[in-house]
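**Q** Dropping the structure in here first, questions after.
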Amino acid sequence: MNRELYPFPGGLQIPPHKELSNAKTSLITPLPDSIILPLQQHIGTPAVPLVKTGDKVLKGQIIARADGYVSVPVHASTSGKIIDIGNYTVPDPLGLKAPCIVIEPDGDDVWFEIKPTHDYASIDPKDLQDVIREAGIVGLGGAGFPAHVKLREGTESAVDTLIINAVECEPFISCDDRLIREKPGYIVNGTRMIRHAIQAKYCVIALEADMPEAYAALKELIDDDIDLIQLPVKYPQGGERQLIKVLTGMEVPSGGLPIHMGIVMHNAATAAAAYRAVIRGEPLISRYVTVSGEVNDPRNLQVLLGTPVKHCADQCGYEDKEGQAIILGGPMMGMYVNNMHMPVIKTTNCVLVTSTYNKSPEMPCIRCGQCVDVCPEKLLPQQLFWHAHAKNYDRLREYHLFDCIECGCCSFVCPSNIRLVQYYRKAKRQITQDEQTRSGADHARERFIARNARLAREEQTQNNELLAGSDIGELDKQAFIQAAVERTRAKRAQLGKQENSDDDQE
Amino acid sequence: MMTRNETVIISSPHLHAVTSINHVMTRVIYALIPGILLSAWFFGSGVLIQSLLAVLFALCAEALMLYLREKPLRLFLFDGSAVVTALLFALCLSPYTPVWVNFTGICFAIIVAKHLYGGIGYNMFNPAMAGYVFVLLCFPVNMTTWPLPAGITDQQATLLQILSIIFTGPSSLENFDSLSGATTLGWTKSQLSGMFMITEIRNSPLFGSFAGKGTEWIAVAWLCGGIWLLIQRIIKWEMPVFFIGTVFLISLLFYWYDSSIYLSPVLTLFTGGIMLATFFIITDPVTASATPRGRIIYVIGIGLLTYIIRTWSAYPDGVAFAVLLMNAVVPLVDNYTRPRVFGEIKHG
Ligand code: SF4
Ligand code: SF4
């Protein structure tokens, strides 16, 4: 179908390097020696463990429950024994450790009892959200925002357009491409299901022109109900605000949300996972991951969540060489990590091994304006840099620092090699922290006490409920409380550490 | 795992375009070369000598300042910016300029205009123009006598004569007057004040086929170099186009009004420093406005001021003054031309 497109401002043409990995069928990764499942793999509150060391768990069983509304549970990715609940290295730019549940697989891969639903249309949209939430589904494209929150927003207000984002604009990454080619039915039916859940009038699946096979695969399955749109390749077209602009011509107001304009956007992989969760009753326990760059056999893998990154890289002929950097995610927005012990989590879309990362020294800004030309948010990256450097936080707000999507276009083109995005991240963190401090110590203490009381209450009731009607077995109240204390401590330690490593940087 | 520096946090993006300050400056230097060679063809080897001297002085002054400011020498000295400043400065000078004038200008450009303002990226005024205006004000006589372009006289200064003029001053040469004269613009100016009409002035041998003798072809060389820079995406098209457009329109306006005393647009564009300025001077990013709309205002300002100074002041050419004047208002322009952010709703 022909649809008018509205190019977004700025952006870049970057060599895509997708051909390295997108032609090969994905491989099912063999079971690793241990599965490490962080309690937080999403944006929001970390999940709370429901198991203790020594427990036997089955594949797909909930091992940590959601805590609060913006939170999702964690499921065991395979059957086995819980060997530890403690702090392990997680995917984090600062190399932090965070609470994880570690499973030693028994090799049998036995499923927990699952409840397939054969017809999603028979389910009330509101209940559908709960199913999706219980399946632990979060946005698989990047940030990992719990999917049910967006769905609920969708059911509460009138939705005009549902956009399924299959634009994989970052170089090297081809996991969505592979997923679509191998399981187009999941994507199309998932799209229809989400549409049913939020009652959207129009529905669009958007992908870039460099995915012709995926396009053809989808084309075969859709009728007139869904618009399938191919977009010219341009980075960062997969950004939410950018894609909305391209497809509708509308700009999401600075600080606003797409839902206010009647638009809901989900990633293609998220739609597939949601469909699988409803129709087959299988929670989110695996995902497609691209392993690419300087490995002998770059390709896509189907990976159980919690599998160590090293194990994935080994499947693709990874050899440790001097001068290589490991990046989780794409080269433009991914995070550099200095080891491979951390697990693949819900948001890990790519493991990139590269030695051509930017190593040149930073020079002073020459005001060339290249960064201004490529900024998709039409910011003035160079002015932002100037004010971030001078720690002039009021001016940073005035220059819309918080509209920056950290796409990295500005840093990419800067002839002076300034790590612009790094300055913005730091300034954003600083401003957020300052605000929290400013809100007053007394107020904070009050809230802290109230929160503790509430948590204790919640945990109590939850325990009682679970003890009453669950087949998970005897639950240790002490372990719960211990975990809560641990969590608070870890969070505090994390904050402290973050500050420290910020200082190291200077 | 290999040993990686644990304290360094490498921040995304990890990819970088093939570009650096050095990459940009090298391309600017390449684009200047045809014009420099053509200038040497028309005005003698003095052009090359001035350029070499300026580059030498500039690198020395740069090294000294980097040393004093405790900056990494290798990194900054070879970023190419000092060489570009030196070449642009040298190209404004008469090939007969004494060595001490060249030296003074470069020192002012590099030490005062560049490093005392904080070095590359921080300088408010275009260093080459600041250096040029400084020597123009200090040594006015030395700046206005140019060699006659090739094709006007058979009497060309020999290399030895040129060296002696540069290193000991013009007074050392008896026949200096026969080897030198005013520039096309300077001559036009003096003739106009002598109540001559443009049509009469146009008949002077100082004029070539469509503008100044020799200088018209040099201007064409700058134009070609500039177009190459545009193709290489080193400079942005908006700046040259709006600048040339401004000068063209305003000269056309006055030319229509009275063609006997105002130069035609083509003559205006192809004489003096306009073409060099269009692609190499006003496009200097450091001293130009940083916002898209600001850059346009900036170049229009330079265009208008250049024409005004050229036409109604005592100076035959006005580009350098115009650039410096507009440099001074850049912070103001930047502040008022902040673009609308994506999704931002403008009030009022
Ligand atoms: S691209 Fe780099 S050097 Fe150019 S204006 Fe932006 S920050 Fe400055
Ligand atoms: S990282 Fe931020 S400032 Fe830089 S181009 Fe992207 S949105 Fe603009």
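The values are calculated or read from the model by the stated rules, or taken from the named source; none is laboratory data. None of these values were measured; they are calculated from a predicted model. Here the Cβ positions follow ideal geometry from the backbone for every residue, glycine too, while neighbour counts run over all protein chains shown. All accessible areas refer to the heavy atoms of the entire protein, side chains included, with ligands and DNA or RNA removed. Shrake-Rupley method; radii C 1.70, N 1.55, O 1.52, S 1.80 Å.
**Q** Could you grab me the full set of residues in the range B:283-310 that are touching a residue at least 60 places away in the same chain (Cβ under 8 Å) and either within 16 Å of ligand 2 (Cβ to nearest atom) or of a type in the set (S, T, N, Q) (or both)? Talk me through it step by step, then tell me what you get.
**A** In the first step, residues of the range B:283-310 are kept if they are touching a residue at least 60 places away in the same chain (Cβ under 8 Å); the result is B:284, B:286-287, B:299, B:303, B:307, B:310.
B:Thr287 - this is the single residue of the range B:283-310 that is touching a residue at least 60 places away in the same chain (Cβ under 8 Å) and either within 16 Å of ligand 2 (Cβ to nearest atom) or of a type in the set (S, T, N, Q) (or both).
**Q** From A:Lys321, A:Lys378, A:Lys310, which residue is among the charged types (D, E, K, R), over 24 Å from the mean Cα position of the chain (by Cα) and away from ligand 1 (no atom under 16 Å from the Cβ)?
**A** Numbers: A:Lys378 fails: away from ligand 1 (no atom under 16 Å from the Cβ); A:Lys310 fails: over 24 Å from the mean Cα position of the chain (by Cα).
After applying the criteria, what remains is A:Lys321.
**Q** Kindly indicate which of A:Ile244, A:Ile222, A:Ile259, A:Ile229 is within 16 Å of ligand 2 (Cβ to nearest atom) and outside the structural domain of A:Glu406 (by TED's automatic domain parsing). It would help to see each step written out before you state the result.
**A** Details: A:Ile222 fails: within 16 Å of ligand 2 (Cβ to nearest atom); A:Ile259 fails: within 16 Å of ligand 2 (Cβ to nearest atom); A:Ile229 fails: within 16 Å of ligand 2 (Cβ to nearest atom).
None of the others qualify; the one that does is A:Ile244.
**Q** May I ask you to say which residue of B:Val8, B:Val47, B:Val18, B:Val24 is open to solvent by less than 20 Å² (accessible area, probe 1.4 Å) and either modelled with pLDDT under 95 or of a type outside the set (A, V, I, L, M) (or both)? Working first, answer last.
**A** Values: B:Val8 fails: open to solvent by less than 20 Å² (accessible area, probe 1.4 Å); B:Val18 fails: open to solvent by less than 20 Å² (accessible area, probe 1.4 Å); B:Val24 fails: open to solvent by less than 20 Å² (accessible area, probe 1.4 Å).
Going through B:Val8, B:Val47, B:Val18, B:Val24 in turn, just one is open to solvent by less than 20 Å² (accessible area, probe 1.4 Å) and either modelled with pLDDT under 95 or of a type outside the set (A, V, I, L, M) (or both): B:Val47.
**Q** Of everything in the range A:102-145, what is open to solvent by less than 60 Å² (accessible area, probe 1.4 Å) and free of Cβ contacts under 8 Å to residues at least 60 places away in the same chain? Give them in sequence order.
**A** Within the range A:102-145, A:Phe112 is the sole residue that qualifies.
**Q** Find the helices (runs of 4 or more DSSP H) located wholly in the range A:348-398 whose residues include 2 or more that are within 12 Å of ligand 2 (Cβ to nearest atom) and more than 10 Å from every other protein chain (Cβ to nearest Cβ), and list them.
**A** Details: elements: A:370-374, A:381-389, A:393-398.
By residue number, A:381-389.
**Q** Filtering the range A:191-215 down to residues that are assigned to a helix (DSSP H, G or I), touching a helix residue (DSSP H, G or I) at 6+ places or on another chain (Cβ under 9 Å) and open to solvent by 10 Å² or more (accessible area, probe 1.4 Å), which residue is farthest from A:Lys150 (Cα to Cα)? If you could, list the steps in order and put the result at the bottom.
**A** Applying the first criterion (assigned to a helix (DSSP H, G or I)) to the range A:191-215 yields A:191-198, A:212-215.
From the residues that got through so far, the ones that are touching a helix residue (DSSP H, G or I) at 6+ places or on another chain (Cβ under 9 Å) too are A:191-194, A:196-198, A:213-215.
In the following step, the residues that additionally are open to solvent by 10 Å² or more (accessible area, probe 1.4 Å) were identified as A:192, A:196, A:213, A:215.
Numbers: A:Arg192: 16, A:His196: 14, A:Glu213: 29, A:Tyr215: 26 Å.
Once the filter is applied, the top-ranked residue is A:Glu213.
**Q** Out of B:Phe43, B:Phe57, I need the residue that is more than 8 Å from chain A (Cβ to nearest Cβ) and in contact (Cβ under 8 Å) with a residue 60 or more places away in the chain. Which one?
**A** Details: B:Phe57 fails: in contact (Cβ under 8 Å) with a residue 60 or more places away in the chain.
Every option except B:Phe43 fails the conditions.
**Q** Free of Cβ contacts under 8 Å to residues at least 40 places away in the same chain, in contact with a helix residue (DSSP H, G or I) (Cβ under 8 Å, 6 or more places away or on another chain) and hydrophobic (A, V, I, L, M, F, W, C): which single residue out of B:Leu276, B:Leu325, B:Leu332, B:Leu263 fits that description? Write out each step before concluding.
**A** Working: B:Leu276 fails: free of Cβ contacts under 8 Å to residues at least 40 places away in the same chain; B:Leu332 fails: in contact with a helix residue (DSSP H, G or I) (Cβ under 8 Å, 6 or more places away or on another chain); B:Leu263 fails: free of Cβ contacts under 8 Å to residues at least 40 places away in the same chain.
The unique qualifying residue is B:Leu325.
**Q** Restrict the check to the range B:116-131 and report whether at least one residue is open to solvent by 30 Å² or more (accessible area, probe 1.4 Å) and assigned to a helix (DSSP H, G or I). Even if it seems obvious, please write down each step before you answer.
**A** Step one: filter the range B:116-131 for residues open to solvent by 30 Å² or more (accessible area, probe 1.4 Å), giving B:116-117, B:122, B:124-125.
Pick out the ones that are also assigned to a helix (DSSP H, G or I) and you get none.
Scanning the range B:116-131 turns up no residue that is open to solvent by 30 Å² or more (accessible area, probe 1.4 Å) and assigned to a helix (DSSP H, G or I).
**Q** Among the residues of the range A:403-426, which ones are within 11 Å of ligand 1 (Cβ to nearest atom), of a type outside the set (A, V, I, L, M) and closer than 14 Å to B:Leu15 by Cβ?
**A** The answer is A:Cys409, A:Cys410, A:Ser411, A:Phe412, A:Cys414, A:Asn417, A:Arg419.
**Q** Please list, ordered by first then second residue, the pairs with beta carbon atoms under 9 Å, 6 or more apart or interchain, first in the range B:5-28 and within 8 Å of chain A (Cβ to nearest Cβ), second at pLDDT below 85 and within 15 Å of ligand 1 (Cβ to nearest atom).
**A** So the pair list comes out as B:Ile10/A:Asn358; B:Pro13/A:Asn358; B:His14/A:Asn358; B:Leu15/A:Asn358; B:His16/A:Asn358; B:His16/A:Ser360; B:Ser20/A:Ser360.
Here's the yes/no breakdown for (1) open to solvent by 10 Å² or more (accessible area, probe 1.4 Å); (2) more than 14 Å from chain A (Cβ to nearest Cβ); (3) outside any helix (DSSP H, G or I):
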residue	(1), (2), (3)
B:Gly272	yes, yes, yes
B:Ala288	no, no, yes
B:Tyr298	no, no, no
B:Gly303	no, yes, no
B:Thr306	no, yes, no
B:Tyr315	yes, yes, yes
B:Val323	no, yes, no
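**Q** Conditions: (1) surrounded by fewer than 24 Cβ atoms within 10 Å (Cβ to Cβ); (2) of a type outside the set (A, V, I, L, M); (3) not in a helix (DSSP H, G or I). B:Pro95 meets all but one. Number of the miss?
**A** It fails just one condition, (1).
**Q** Return yes or no: is A:Gln382 more than 30 Å from A:Val138 (Cα to Cα) and open to solvent by 20 Å² or more (accessible area, probe 1.4 Å)? Talk me through it step by step, then tell me what you get.
**A** Working: more than 30 Å from A:Val138 (Cα to Cα): yes; open to solvent by 20 Å² or more (accessible area, probe 1.4 Å): no.
Taking the combined requirement at face value, the residue does not satisfy it.
**Q** From the list A:Ile345, A:Ile326, pick out the single residue that is more than 8 Å from every other protein chain (Cβ to nearest Cβ), of a type in the set (A, V, I, L, M) and open to solvent by 10 Å² or more (accessible area, probe 1.4 Å).
**A** Values: A:Ile326 fails: open to solvent by 10 Å² or more (accessible area, probe 1.4 Å).
From the options A:Ile345, A:Ile326, the qualifying one is A:Ile345.
**Q** Among the residues in the range A:146-167, are any on the phi > 0 side of the Ramachandran plot, crowded, with 16+ Cβ neighbours inside 10 Å and in the same structural domain as A:Leu228 (by TED's automatic domain parsing)?
**A** To start, the set of residues in the range A:146-167 that are on the phi > 0 side of the Ramachandran plot comprises none.
Checked against the condition, which is being on the phi > 0 side of the Ramachandran plot, crowded, with 16+ Cβ neighbours inside 10 Å and in the same structural domain as A:Leu228 (by TED's automatic domain parsing), the range A:146-167 yields no hits at all.
The rows are residues; the columns are (1) surrounded by fewer than 24 Cβ atoms within 10 Å (Cβ to Cβ); (2) touching a strand residue (DSSP E or B) at 6+ places or on another chain (Cβ under 7 Å).
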{"site": "A:Arg276", "(1), (2)": "yes, no"}
{"site": "A:Arg280", "(1), (2)": "yes, no"}
{"site": "A:Thr290", "(1), (2)": "no, yes"}
{"site": "A:Val295", "(1), (2)": "yes, yes"}
{"site": "A:Arg299", "(1), (2)": "yes, yes"}
{"site": "A:Leu305", "(1), (2)": "no, yes"}
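**Q** Restricting the range A:33-82 to residues that are over 22 Å from the mean Cα position of the chain (by Cα) and among the polar types (S, T, N, Q), which is nearest to A:Asp130 (Cα to Cα)?
**A** This residue is A:Ser79.
**Q** Return only the number of the condition from (1) part of a helix (DSSP H, G or I); (2) at pLDDT 80 or above; (3) under 24 Å from B:Gly35 (Cβ atoms); (4) open to solvent by 20 Å² or more (accessible area, probe 1.4 Å) that B:Leu137 does not satisfy.
**A** B:Leu137 satisfies all of (1) part of a helix (DSSP H, G or I); (2) at pLDDT 80 or above; (3) under 24 Å from B:Gly35 (Cβ atoms); (4) open to solvent by 20 Å² or more (accessible area, probe 1.4 Å) except (3).
**Q** Within the range A:401-414, which residues are in a loop (DSSP other than H, G, I, E, B) and either near ligand 2 (Cβ under 9 Å from one of its atoms) or more than 28 Å from the chain's Cα centre (by Cα) (or both)?
**A** As a first pass, look at the range A:401-414 and keep what is in a loop (DSSP other than H, G, I, E, B): A:404-408, A:414.
Correct list: A:Cys404, A:Ile405, A:Glu406, A:Cys407, A:Gly408.
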